[in-house]
Every structure is written in structure tokens, then in C-alpha cells.
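Student: This structure is in C-alpha cells; I'll ask about it shortly.
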């Protein structure tokens, strides 16, 4: 095993983990604002990617496609909040879960209606690749990771440092009390849902040159996004990104050095071992506190 | 009838019509013949052929080629007024086994023969119900090895035969160190097993055998492992859109040795989508059909068939045919030839098993017997090289 190989396998885990992390960040933020596990984020990401591909094939620019993907993600999430979640205020967790599952199926259906069932891929914003020593990475993967990390950092700053962010957490814990304090819970949740949708839509648009997207993979991406969000307690936005990277790296190194036949089983097995061992060593709690 | 009742009846009729159109997923193509049939064929109605094809879903890029092949073959066949006409009804299997089975159920009562499903996932779902009763199902899938005397026929040689010709090519080129990268599904696993079994026979050392999940978004770890093993060639077996992810991973790992792909990957839309993210030497195993000039003068009839098909394909679709189009055109031609003078699906099976040679385009000739439902083809495979800049392929000598 050479250092170059290690770096290249690791980088593939990082960019894939960033995809899971973007969904994880969205899941964590929606949980903080509304105590909601939003299963529709994976399909919203795919919708964004498919829209970006559609824009490219219909004469639009790559950047235009990415912006459209982000806008569409925000619009879909806002529509979900307005048409469904707002009317379910006070409903049980299982009912909300069922509602977002239904939304995810509906979004997948919308993908089929608007873009068809065929898998798509597309051009990246920059193209080409960067080689440093033995490490080699496409510029599109670097841009993808950098933009998602940047956008997640802005969301983190919004959630942790701004009064709005604190209000988001307050309205998530006790919406009635937050409303009595003068917080417009409805407006705040709409804003947060729009931001979350914008982030995952953006991730979908930027991920297009790295893989192949089709309407059926959304829920699978949500599952891995949930893993990313849950590893560090489902509370921390940087923790969700770190969780995505951890899972992406376990998947990549498990595939490369243990078994490509059982790559996901290896990744989940290693994650389980880490969780059990990490709890004993208070490893995850320490990272959670840090993040 | 009251006005309200009429309105309801009208709405129900409209909704039913819409549901029929939306859910039926089938269409009938009856190309207009250029002349009336001769007296010999007048007693026979047109031969009814069902076509199960993945028009939508992950395998749709392959299905589009399959569909074109059958469409054009139908036109070519029906254009000859002396022949019994064929009528084709198409059903979209949506790239799923359940879809293929639903199509089979929809077509079995109507069709004299069914062409397709032509991808493993579809045929694997259909073969259980189709094996023991008419109509005949004839497919290009090279993995099923239909049992003797069943109603399933296979036109493409078995995967072991295909892997054997690849290894012969490597041996001829002096390549000894080979890595494999195969999809972690039944076709990919069969190809991987065949490679392990046959490598020794051709003095080939398998330096790395990697597999990938057909739904994986990241095949880079496997490609990195292959690059580290320093093979002299890579043999890839995949189908559908995953080809793009695989080619990108190989390109990203800076693998510059020849990469040999299976014939299901020989698909223009997918290769175009991969763009320049392809290894410098991308090879496919195919047949003489891709280079008619190489067909010997004593096989002029075959050469003419190829040139006619290529010319009409280019005129109809504005592109050169790919292997998948040739392969399905041939199954249509085979069924049409076998069914030229038969009046029942059971007799059609006997005609196929008669040992007669059926003319094709991908291969010059096909024949079956009662015991052997995998076609004996003539001649064998040749090899092609992909040229990304011109998006064409040329014969690799």
C-alpha cells in the first residue's frame, strides 16, 4: 500500500462523505428546528442534480444549473413546510416521519415526471484535475467539497452565532414558549427549511460530474445522510460533516483494503465497533463537545 | 340518460382512457409493407412478436439500442413482399425484473414469440414461467444457459466463451498480467468466475480481482487497487449507467493500460456521456459487423446484409448501430425466418430447433438444436477500439 494510493482512496471517501455530510447537516438542522427527521432530503438532492443536468442539456451553463439546483431544493423544502409540515404541528414523531417519507416518495415521483427515469451525469464547473505528489483529484471533487463545507460553515455560524439560530433551537425545543417570547416560529421554520433545501440542492448540482444520479437513489442517500448526522449525536452541524467523512472513509478504506464485495457491510461493521469502543472512551462525547 | 350521469360517464371514459395509455406501456408497430404478400403467405396472418425492452430506468440507455435494432429489423424484413409479415408489440420492462415479468404476462397470450428481455435482470425474472410453455422467448442474454427442450433460446454465446476470446486476444498481444473489475451482481459474478477459471488456460495471471456494487457512487478504491497491482490490461464487466462511474474511476486512477469492456457496455450514449474521462485504450469484443471491409469476398451475402443494415440504420437514426442494436435485430430476423411458414408457437419452437441456419447481421449465421438452445454462431468475435474524439470505434487488429 503506497502513500499515494492511501491518499487517493482517502480522498474518494472524503468527497463521497461530503455528500452524506450535506444531507446529515440538513437532517440535523431540521431536527433542531422542528424535532423532525426529514427523509425527503435525499430525493431533494437528486432532484437538484437532475435539474442541473437538464439545464446543461438544454443550453444552460453549468453554473446556471448548479444555481437552479439550489433554488429548486429550497423551493421544494419550502413547499413541504408550507403544504405539509406546518399543518402537522404538534403531531407525534412517527407521524412526522411518515409525512416526510411520503414527501420523499412524492419528490421521487416528481423527478420521474420532470426528468424521466433515466440516469444522468453532467459537466462540472471547472474540469481537469490536480496532482500533488501521488495524490490526484479532479477539480470538480475539490470544488464540491469546498463549497459544501463552506455552505455548511455558514449554516453553522447562522445556527450557533446569530440570534436567529438560537431562536431556531428554542423553537425546536418548545415552539409554544418560543412564540410567547415573540419568536415567529412559522417564519423561522420556513427560513430554515429553505436553507436546508438550498444546501442539499446545491450539493446535488455540484455532485453531478462525480457520479450518476437517478430517481431511485434518493432514500438510500438519506439513509447514509442519517448515519452522518447520527454518529455525533444528531445535534451538531460540524459533527454531521465529520460523520459523513468518517462513514465515507470507512466505506472507501473498507472497499480498498478489506473487501469490495461487502464494502457497505464492512463500513457499517467498523462504524459499530467505533461507536461501541468510542462510548467506552467517551470519544464521541468529546468530539461532540468540541463541535 | 340524465345530464349528470352522462357527464360522469364521460369523465370515467376519459380517466379510463388516460389510465390505459399511461399504464399500458405497450405500443404496436405494424410497418406498412411495400407490396402485398405472395400467394404462399396469404393464408398466414402476420407473425406476432412481443418485444420486452427496458425503455425507462437505469438500463434505458441500453434499451434504446435494443429497440432501434428490432424496429429496423422489422422494417427490413417487412419490406420484402415475398415474406410473411411480422407485427411487433413493444412493452417497457422499466429496467426491473417485476416489469419484465409483467410484460411477459401481458404478451404471452398474444405473441407467437417474444424477443427479450435482453438484460439479465429481466430474463432472470421471466425464465421460471417461460421455460416450459409457449410462446418461445429468444434473448441475447449470455448468462442463462437455457435448458434443452425449453422454450427459451439464447443467441449470444455464453459468458465463458466471451471471456475465453478476450483472453485469447490478451495472449495474442503478449499481455499476461490482467486485473478484473466486475459488477457485484449475477452477470458480473459469472464473468469474474469465468475469468478465474480460464486465466490459467491462456497463461494469464489475474493480478487483482475487484468488484463493485452496481449502485455505488464511488468506484475509486477499486480502481486504485487495480492501479497499484500494475496490470498490463484491465477486463471490466458492467451494464448500464454504472459504466460512466467505472470509466471515471479508472481514468482518475491514471490507469493507462488497455481496458477491455463487455459488449453490453458498447453503447454510444453512455460512452458519449463519459466524454474524455475514459482510459486511452478502450476495447470491446464484437464481431466482423463493425468492419464489413474485413469480410471475405466469399461471404458477399453477409457483407451485403451488413451494409444494408448499416445504411438504413444511419438513415433512420442518424448514427452508426451499436452491438446491442445488431444483437436484437438478429433475434427478430431469427424468429421471422423460423416463423415464415409455421402456424403455432409450438411449431415455431420446432422450427428453431431444426438445426437450420438462420442468417443474421451481428453474426453471419445462428443455429440451434433440441439439446442446444444457446446458438452456435459463425464466425467468432473480433475486437474494437473506441475513439473518444470522433465517438466512433475501429477494428483493433
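Where a number appears in this text, it was derived from the coordinates with a stated rule and is not lab data. Fair warning: this is a prediction, and the values are worked out from it, not measured in the lab. Because the Cβ atoms are built from the backbone with ideal geometry, glycine has one as well, and the counts that use them run over all protein chains shown.
Student: Once you put a point 7 Å from the Cα of residue B:105 and another 7 Å from the Cα of residue A:181, both along the Cβ direction, what distance in nm separates them?
Tutor: Label-label distance for residue B:105 and residue A:181, simple model: 5.7 nm.
Student: OK, next. If one takes the longest principal axis of the Cα atoms in chain B, at what angle in degrees, from 0 to 90 and to the nearest 10, does the Cα axis of helix B:186-198 lie?
Tutor: 40 degrees
Student: May I have the pair-distance distribution P(r) for segment A:29-125, computed from all Cα-Cα distances with 10 Å bins from 0 and rounded to whole percent?
Tutor: 16, 44, 26, 13, 1
Student: What is the spread of the Cα atoms of chain B along each of their three principal axes, largest first, in whole Å?
Tutor: Largest first, chain B extends 78, 59, 40 Å along its Cα principal axes.
Student: Ignore the peptide's own chain and count Cβ atoms of other chains within 10 Å of each Cβ in A:207-213; give me the average, rounded.
Tutor: Across A:207-213, the average partner-chain Cβ count within 10 Å equals 5.
Student: In addition: Would you mind putting B:172-183, B:69-80 in packing order, based on average other-beta-carbon counts within 10 Å, highest first?
Tutor: Going from most to least packed, we get B:69-80, B:172-183.
Student: Quick one: Kirkwood hydrodynamic radius for segment B:85-156, alpha-carbon pairs, angstrom, one decimal?
Tutor: 11.9 Å
Student: I would also like to ask the following. Can you pull the Rg over Rh of segment A:1-50, Cα-only, Kirkwood?
Tutor: 1.19
Student: Against the 2.2 N^0.38 Å scaling, with N counting residues, where does the protein assembly as shown land? I'd like the Cα-based Rg ratio to two decimal places.
Tutor: Scaled against compact globular proteins, the figure is 1.06.
Student: When only alpha-carbon atoms count, how far does chain A stretch along each of its three principal axes, as whole angstroms with the largest first?
Tutor: The Cα atoms of chain A stretch 60, 55, 32 Å along the principal axes, largest first.
Student: Once you have the Cα-Cα distance between residue B:276 and residue B:149, take 0.36 nm times their residue separation minus that, and quote the gain in nm to one decimal.
Tutor: Answer, rounded to one decimal: 41.0 nm.
Student: Additional query: Which distance in nm do the two modelled labels at residue A:276 and residue A:164 give, with both placed 7 Å along the Cα-to-Cβ direction?
Tutor: So the two model labels end up 4.5 nm from each other.
Student: Relative to the present Cα-Cα distance, how much length would full extension add between residue B:359 and residue B:133 at 0.36 nm per residue of separation?
Tutor: 78.8 nm
Student: Moving on. Give me the Debye-computed log₁₀ of I(q)/I(0) at q = 0.16, 0.17, 0.19 Å⁻¹ for segment B:106-256, equal point scatterers on Cα only, no solvent, two decimals.
Tutor: Rounded to two decimals, the profile gives -0.88, -0.95, -1.08.
Student: If you don't mind, another one. Can you give the FRET efficiency to the nearest 0.05 for residue A:3 and residue B:177, using r as the Cβ-Cβ distance and R₀ = 30 Å?
Tutor: 0.85
Student: I'd like the FRET efficiency for residue B:203 and residue A:35, computed as 1/(1 + (r/R0)^6) with the beta carbon distance as r and R0 of 60 Å, rounded to 0.05.
Tutor: Taking R0 as 60 Å, the efficiency between residue B:203 and residue A:35 is 0.40.
Student: Taking the Cα atoms only, what angle lies between the long axis of helix B:60-79 and the longest principal axis of chain B, rounded to 10 degrees?
Tutor: Long axis of B:60-79 versus the principal axis of chain B: about 50 degrees.
Student: Now, a different point. Could you list B:265, B:382, A:129 so that the one with the fewest beta carbons within 10 Å of its beta carbon is first and the one with the most is last?
Tutor: Ranking B:265, B:382, A:129 by Cβ neighbours within 10 Å, fewest first, gives A:129, B:382, B:265.
Student: Can I ask one more? Within 10 Å of each Cβ of B:207-220, how many other protein chain Cβ atoms are there on average?
Tutor: That works out to 6 on average.
Student: Translational diffusion coefficient of segment B:35-173 at 37 °C, 0.692 mPa s, Stokes-Einstein with Kirkwood Rh over Cα pairs, in µm²/s as a whole number.
Tutor: Approximately 204 µm²/s, per Stokes-Einstein.
Student: Here's something else I'd like to know. For the pair residue A:258 and residue A:235, what calculated FRET efficiency results from E = 1/(1 + (r/R0)^6), where r is the Cβ-Cβ distance and R0 = 41 Å, to the nearest 0.05?
Tutor: 0.85
Student: Once you put a point 7 Å from the Cα of residue A:153 and another 7 Å from the Cα of residue A:112, both along the Cβ direction, what distance in nm separates them?
Tutor: Going by the 7 Å Cα→Cβ label model, 4.1 nm.
Student: Per-residue Cβ counts within 10 Å, from other chains only, averaged over A:114-120: what number is that?
Tutor: Per residue, the number of nearby Cβ atoms from other chains is 6 on average.
Student: Which semi-axis lengths, in whole Å and largest first, follow from the square roots of five times the eigenvalues of the Cα gyration tensor of segment B:254-397?
Tutor: Ellipsoid half-lengths, sorted descending, are 32, 16, 15 Å.
Student: A further question follows. Of the peptides A:81-88, A:176-183, B:150-157, how do they stack up when ordered by the mean number of other Cβ atoms within 10 Å, highest first?
Tutor: So the order, starting with the most tightly packed, is B:150-157, A:81-88, A:176-183.
Student: Ranked from highest to lowest mean number of other Cβ atoms within 10 Å per residue, what is the order of the peptides A:211-220, B:233-242?
Tutor: So the peptides A:211-220, B:233-242, ranked by packing, come out B:233-242, A:211-220.
Student: Measure nothing fancy, just the Cα-based angle from helix B:242-252's long axis to the longest principal axis of chain B, in degrees from 0 to 90, nearest 10.
Tutor: Once rounded, one gets 20 degrees.
Student: Here's a follow-up. Once the convex hull of the alpha carbons of segment A:159-247 is built, what does its volume come to per residue, in cubic angstrom?
Tutor: Enclosed volume per residue, from the Cα hull, is 117 Å³.
Student: To the nearest whole percent, what portion of all C-alpha pairs in segment B:261-312 is separated by more than 12 angstrom?
Tutor: 72 percent
Student: What translational D, rounded to a whole number of µm²/s, comes out for segment B:180-302 from Stokes-Einstein when the hydrodynamic radius is the Kirkwood one over Cα pairs, at 4 °C and 1.567 mPa s?
Tutor: In µm²/s, the coefficient is 84.
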